[in-house]
Amino acid sequence: QVQLVESGGGLVQPGGSLRLSCAASGNIDGLYKMNWYRQAPGKQREWISTITVTNSTYYSSDVKGRFTISRDNAKNTVHLQMNSLKLEDTALYFCAADAATRFWGQGTQVTVSS
C-alpha cells in the first residue's frame, strides 16, 4: 500500500505560478511512473502530465509549455511547477502512482481568479 499526499495548492491570480508537491509513503518498493491529473466541476478527470522512472516527461496539450513535472527520488516526491496560470486551470489536482496498482492522492485545490 502506497499513500500519496498532495500539497501546494491555493489561490493565485491569472499569470501567476504555483508549485504542487506529491509525497509518497508506505510500502514503497522502488520507483514508479508518476502522474498528475485535474478535475474541474462539471468536467471529467483530465490527465495533464507524466514522468517515468527514467525521467521522460509528457504533457497534455492544455498545459504543455506552461507546466513542468519533476521528481526527487531521494524524497519520494514528485512536483508540478505551474506557470502562466489561466482561469481554466482552476481544478482539484491529483497525483497518481503506478505501482503494482494505481494509487491516488486526495487532491489539492488550485483556484485561479482575479
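Comparison of T111, T68 shows that the only residue that is within 22 Å of Q44 (Cβ to Cβ) and either part of a strand (DSSP E or B) or open to solvent by less than 10 Å² (accessible area, probe 1.4 Å) (or both) is T111. So, A40, is that one without any contact (Cβ under 8 Å) to a residue 60 or more places away in the chain and under 17 Å from S7 (Cα atoms) or not? Taking the combined requirement at face value, the residue does not satisfy it. Kindly provide the set of residues from the stretch 28-52 that are open to solvent by 80 Å² or more (accessible area, probe 1.4 Å), within 20 Å of R71 (Cα to Cα) and under 14 Å from the mean Cα position of the chain (by Cα), ordered by number. Across the stretch 28-52, the qualifying residues are K33, W47. Flag set for Y58, criterion: outside any loop (DSSP other than H, G, I, E, B), farther than 16 Å from L4 by Cβ and of a type in the set (F, W, Y).
Within the stretch 56-65, being open to solvent by less than 50 Å² (accessible area, probe 1.4 Å) and among the charged types (D, E, K, R) holds for no residue.
Summed over the stretch 71-102, residues that are closer than 24 Å to P41 by Cβ and either in a loop (DSSP other than H, G, I, E, B) or open to solvent by 80 Å² or more (accessible area, probe 1.4 Å) (or both) total 8.
Quick check: is even one residue across the stretch 83-106 under 15 Å from S17 (Cα atoms), without any contact (Cβ under 8 Å) to a residue 40 or more places away in the chain and basic (K, R)? No, the stretch 83-106 contains no residue that is under 15 Å from S17 (Cα atoms), without any contact (Cβ under 8 Å) to a residue 40 or more places away in the chain and basic (K, R).
Checking each residue of the stretch 8-24 against the condition of being under 18 Å from A99 (Cβ atoms) and open to solvent by 50 Å² or more (accessible area, probe 1.4 Å) gives no match.
The values are calculated or read from the model by the stated rules, or taken from the named source; none is laboratory data. Everything numeric here is computed off the predicted structure, so don't read it as measured data. Positions of Cβ are backbone-derived with ideal geometry, glycine not excepted, and every protein chain shown enters the neighbour counts. Calculation scope for accessible area: heavy atoms of the full protein, side chains included, ligands and nucleic acids excluded. Shrake-Rupley method; radii C 1.70, N 1.55, O 1.52, S 1.80 Å.
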